[in-house]
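The structure appears right after this line, and notes come after that.
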């Protein structure tokens, strides 16, 4: 069992693989994530990044390998258990509740932190703690002005913000962010980048992003994936200078 | 989760008032009919919790209705006196136990599998009562007496009086209604509605969704058992058809007729269907074809049931007002 | 109980299994490819039987009756698909359940309207009405063997179409991944119409050839529907192989159940289904 309390490693993947039939979407990835660090995962489309995050958040079970989070073996854990342990997730494809209001979306996320929701008698909205956590999440994402608006009626950018707010409302220690800036304009994107910078002071962030400016602005560590394989991990400087990475990925970016 | 709008609240209060007043003027036949409607309404509300709020389409809900009924018949059918304080819990507990087992087997699946599993498991119960000689098979069982509602040696209600039974049922209907409103407003209800909307997301937010679905299933089954108890106590005659899949199909029709995902919709649906089933046969022997076509029309044109009409009806006067104001201001 | 008794039960069970296979394969394809729950599938079994009854009466020959009844049944399936089922693709399972349940009510009542509440029968055609000796004392009806034979031929035909033709490949693709099949530019609407019409056509055909063996009675569609649902669930939605295996399991155990445990026959079937599903919640075979 991984003993991670000596180092600063909060999440460790050992020999992690995921196959779909003959396709190895994630191929033997060994990766440690340090606590309190913003660790970005980059790579071309189809590199296996989202599959990798799905393995971390429990939506997929690995075919091989182990995942450890602070001494817990998460390899076979279901998504709800992983969330309860303190790992939060936001999705690339907006995954909110369109028929609920903005506040309701954060509410149900926040309520998950109660010891149990098998409560039948008192009205849910009487719980102050849940309400405060939900509202705080809305404030952080600048959505506090619109609690009663239906999520379906929000703009795409606002929905992306709500996506992150829902994750924040579960008070996670480790945040998995799958392309948080996807489809956002530069102004809204800048707000999210600021938010992530703030969160990075007190949380650990694992980030998949294609927006290289954002990545270079906030990431401490970078990992590059291609075809399911982890090519290299290092600081932003190291990755930028790495020949192997340039050929595989960034080179394509510069000529594009 | 949905707040009940003021117009609907008003409508429900008026309906309650009507229900309270009716027996004093109504014909005995109609009082009995209304009692039947209320029992069906309780049965339908229990299914709405499952289908409308949790999003689990069950085609076997009648099994729990029938188990509640048979629970009464088997243990108390031959007695001349028995207490409701014993009989009702027995029925409900039996239905609850069945729901725990059926739920455990079914909820591991979803989609078409779930629908078919609930149907097939209900059929199992149906055939058990149909083929067993012990419970008279298709001939059915009879109740010798109505349950006693006593407090010590004082009789609180005489359920053999049709009017008393009516009010007793009305009381239970209101209680079940309020119970459902309460649990749906509680944290449990929030999770359930979330599961209906996007189960995967609810799970990733940290909820053990299988457990919540299972609990919802058991609550729904127990309330169906309560309805079955009432039906058995009311008519005094219990047959395996209580558990038949036509019964399950019928109650699903009631829910969609009235309006899915509203607590009061099933009550409207119960009124509509029982009245249809009672009066259509007078028009034609082959009334089931008419009923079938009505259901087809509801599914195609009014998928949110009769209760969705209320929104449309109230919008008309407000639209008229708005046009009037605009012409005057313009 | 002698050996020949068991042999007869086994042959009956196999023959029943074959019929169930015809009905269930159409059902499993509709579920698997179209993700539509069609409760009226059993009604087509009944419709096939009654169409044959009517046409055999007109032509005086079961053979001619079936020959004309099959296209009629398929055409009816086509109409039902275009008018009602096509609308249900985008709707959820609840609406599918309700609409097809309404269709059952309509079909069942229409049958009562046209042919009343009594049972009816069709005579086995003379050429097939003999019996073949099995052992020194037992004989077995030729017609039942004929039914099994026909089902085998159809089963092989289906296997050929599904495994070896382009249509079959499209069907398999659709059963395995509907969205991708659509994305590949295949006209999914026509595929659905074909699958549905053929599926209910198969069910109707099963009803037609079974008619001389079982009688025709009101509500006969409901019984076969539920049993076929059990078969499909056991076999795995979308899997023809599963439908075959499931049909055989249910067919044989049903017949044996009726003779060995007459009081509990049906429960045996459902208990077995529950056991299989606890072991494999998605049925024995995933979609072919």
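With the convex hull built on the Cα atoms of the stretch C:110-184, state its orientation-averaged projected area in nm².
One quarter of the hull surface, i.e. the mean projection, equals 10.2 nm².
Taking the alpha-carbon set of the stretch B:172-230, what are its Rg and Dmax in Å?
Answer for the stretch B:172-230, Rg first and Dmax second: 12.9, 41 Å.
Apply the a/c threshold of 1.5 to the C-alpha gyration tensor of the stretch B:56-108 and tell me whether it is rounded, prolate or oblate.
Cα axes put the stretch B:56-108 in the prolate bin.
Restricting to Cα atoms and excluding each atom paired with itself, what does the Kirkwood estimate give for the stretch B:189-294 in Å?
Value: 16.3 Å, from the Cα pair sum.
Rounded to the nearest 500, what is the 222 nm mean residue ellipticity of chain B from helices alone, with -39500 (n - 2.57) per DSSP H run of 4+ residues and division by all residues?
That comes out to -24500 deg cm²/dmol.
Taking the Cα centre of each part, how many Å lie between the stretch C:152-182 and the stretch C:216-288?
For the stretch C:152-182 versus the stretch C:216-288, the Cα centre distance is 23 Å.
Over the stretch A:132-183, with a single point scatterer placed on each C-alpha, what log10 of the ratio I(q)/I(0) does the Debye formula yield at q = 0.13, 0.27, 0.31 1/Å?
-0.29, -1.13, -1.31
Could you work out [θ]222 nm for chain C from helices alone, using -39500 (n - 2.57) per DSSP H run of at least four and dividing by all its residues? Round to the nearest 500 deg cm²/dmol.
My calculation for chain C gives -24500 deg cm²/dmol from helical runs alone.
Starting at 0 and stepping by 10 Å, how many percent of the alpha carbon pairs of the stretch A:138-256 end up in each bin?
12, 41, 30, 14, 3, 0
In vacuum, with every alpha carbon of the stretch C:126-255 counted as one equal point scatterer, what does the Debye formula give for log10 I(q)/I(0) at q = 0.11, 0.13, 0.22 Å⁻¹? Two decimals, please.
-0.52, -0.70, -1.47
Could you please state, rounded to a whole Å, how far the C-alpha centre of the stretch A:150-173 is from the C-alpha centre of the stretch B:1-80?
Using only Cα atoms, the two centres lie 40 Å from each other.
Quantify how strongly other chains surround peptide B:237-250 by giving the mean number of their Cβ atoms within 10 Å of each of its Cβ atoms.
The per-residue average across the peptide is 2.
What is the distance in Å between the Cα centres of the stretch B:177-252 and the stretch A:25-70?
Cα centroid to Cα centroid, the span is 39 Å.
Is the stretch B:2-128 best put as rounded, prolate or oblate by its Cα gyration tensor, with a ≥ b ≥ c the root eigenvalues, rounded for a/c under 1.5, and otherwise prolate when a/b is larger than b/c, oblate when not?
It is oblate, given that a/c is not under 1.5 and a/b is not larger than b/c.
Take every DSSP beta bridge whose two residues both sit in the protein assembly as shown, then give the antiparallel share in percent to the nearest 5.
65 percent
Once you wrap a convex hull around the alpha carbon atoms of the stretch B:122-184, what is its projected area averaged over all directions, in nm²?
7.4 nm²
Given 20 °C and 1.002 mPa s, how large is the Stokes-Einstein diffusion coefficient of the stretch C:1-95 in µm²/s, with Rh as the Kirkwood radius over Cα pairs?
After rounding, the answer is 137 µm²/s.
Mind jotting down a quarter of the surface of the convex hull over the alpha carbons of the stretch C:3-279, in square nanometres, one decimal?
Mean projected area for the stretch C:3-279: 15.6 nm², to one decimal.
How large is the translational diffusion coefficient of the stretch A:96-171 in µm² per second when you combine the Kirkwood radius over alpha carbon pairs with Stokes-Einstein at 37 °C and 0.692 mPa s?
Translational diffusion coefficient: 269 µm²/s.
Output the peptides C:77-89, B:56-68 sorted from most to least packed, where packing is the average of other Cβ atoms within 10 Å over each peptide's residues.
Result, highest mean Cβ count within 10 Å first: B:56-68, C:77-89.
What is the Cα radius of gyration of the stretch C:21-166 over 2.2 N^0.38 Å, N being its residue count?
Here the Cα radius of gyration is 1.24 times the empirical estimate.
Calculate how steeply helix C:41-59 sits against the longest principal axis of the alpha-carbon atoms of chain C, using the helix alpha-carbon long axis, and give the answer as 0 to 90 degrees to the nearest 10.
That helix lies at roughly 60 degrees to the long axis.
Do you know the relative contact order of chain B, to the nearest whole percent, from alpha carbon pairs under 8 angstrom that are 6+ apart?
Answer for chain B is 31 percent.
In vacuo Debye scattering of the protein assembly as shown, one point per C-alpha: log10 I(q)/I(0) at q = 0.11 Å⁻¹?
With one equal scatterer per Cα and no solvent, log10 I(q)/I(0) is -1.34.
Using the per-residue mean of other Cβ atoms lying within 10 Å as a proxy for protection, in what order, highest first, do the peptides B:253-264, A:201-212, C:15-26, A:50-61 fall?
Going from most to least packed, we get C:15-26, B:253-264, A:50-61, A:201-212.
Starting from the eigenvalues of the Cα gyration tensor, five times each then square-rooted, give me the equivalent ellipsoid semi-axes of chain A, largest first, whole Å.
Whole-Å semi-axes of the equivalent ellipsoid: 31, 22, 16.
Along each of its three principal axes, how wide is the spread of alpha-carbon positions in chain B, in whole angstrom units, largest first?
Projected onto the principal axes, the Cα atoms of chain B cover 77, 55, 47 Å.
Throughout, read-outs are computed from the coordinates displayed, never taken from laboratory work. The structure presented is a predicted model; accordingly, all values stated were derived computationally and were not measured. Here Cβ is always computed from backbone atoms with ideal geometry, including for glycine, and neighbour counts include all displayed protein chains.
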